[in-house]
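Note sheet for the following structure.
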Amino acid sequence: LEKLFKELDIDENDCLVDLGAGDGRVLQLAAERGARVVGVEINPFLALVARWRLRRFGNFAVLMRNMWSCSLPPETTCVFVFPAQTILPKLAKYLQKQADDGRSFQVIVHAFKLPGIVPESTVGAFNLYRF
């Protein structure tokens with residue numbers, strides 16, 4: 001993931017949103033590169049762990065909510081998802097709706113491909129999309 005963030009040039013000009021942020025490891029890597037980070041995590045324990053992990057960075061938010069019920073921040077430049085295969089069709093529709101609302105962003109999907117959408121590129125286990 002570090003190599004991917006370096007290749008994508010994730011930096012202080014970016015706002016990375018992790019949908020299903022878990023313990024915040026992905027957010028931490030992006031924050032270490034200077035990016036503003038926003039995690040969305042439904043599990044209260046994991047959201048707390050992510051907040052603790054990010055406590056030394058000033059430019060972060062970890063939202064404890066269901067990702068389907070929130071919109072991406074307007075300044076989002078990158079979305080990271082480590083999805084279960086069963087949510088891929090719903091995820092593709094969710095991301096397209098966010099893009100239809102006038103947002104432009106790249107999406108990193110670990111291990112799976114979004115149905116009906118061709119990735120812009122693939123780096124290791126990550127498929128990259130542009131919306």
Report task. Would you check if Ala47 is open to solvent by less than 30 Å² (accessible area, probe 1.4 Å), in a loop (DSSP other than H, G, I, E, B), of a type outside the set (S, T, N, Q) and without any contact (Cβ under 8 Å) to a residue 60 or more places away in the chain? Result -> no
Report summary line: Within segment 96-118, residues being within 16 Å of the chain's Cα centre (by Cα) and not aromatic (Phe, Trp, Tyr) number 14
Report summary line: The lone condition Asp23 fails out of (1) open to solvent by 30 Å² or more (accessible area, probe 1.4 Å); (2) in contact with a helix residue (DSSP H, G or I) (Cβ under 6 Å, 6 or more places away or on another chain); (3) closer than 21 Å to Val123 by Cβ is (3)
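I'm trying to understand the selection: among the residues of segment 82-101, which are part of a loop (DSSP other than H, G, I, E, B) and open to solvent by 70 Å² or more (accessible area, probe 1.4 Å)?
Phe82, Asp101, listed by residue number.
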Query raised in the report: Does at least one position in segment 109-131 carry a residue that is open to solvent by 70 Å² or more (accessible area, probe 1.4 Å), out of contact with any Pro (no Cβ under 7 Å at 6 or more places or on another chain), in a helix (DSSP H, G or I) and over 13 Å from Ala21 (Cα atoms)?
Result: no
Query raised in the report: Of these, Leu16, Leu88, Leu27, Leu46, which one is in contact with a Cys (Cβ under 9 Å, 6 or more places away or on another chain), modelled with pLDDT of 95 or more and among the hydrophobic types (A, V, I, L, M, F, W, C)?
Result: Leu16
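The values are calculated or read from the model by the stated rules, or taken from the named source; none is laboratory data. Fair warning: this is a prediction, and the values are worked out from it, not measured in the lab. Note that each Cβ is placed from the backbone with ideal geometry, even for glycine, and that neighbours are counted across all protein chains shown. Accessible surface areas use protein heavy atoms only, side chains included; no ligands, DNA or RNA. Shrake-Rupley method; radii C 1.70, N 1.55, O 1.52, S 1.80 Å.
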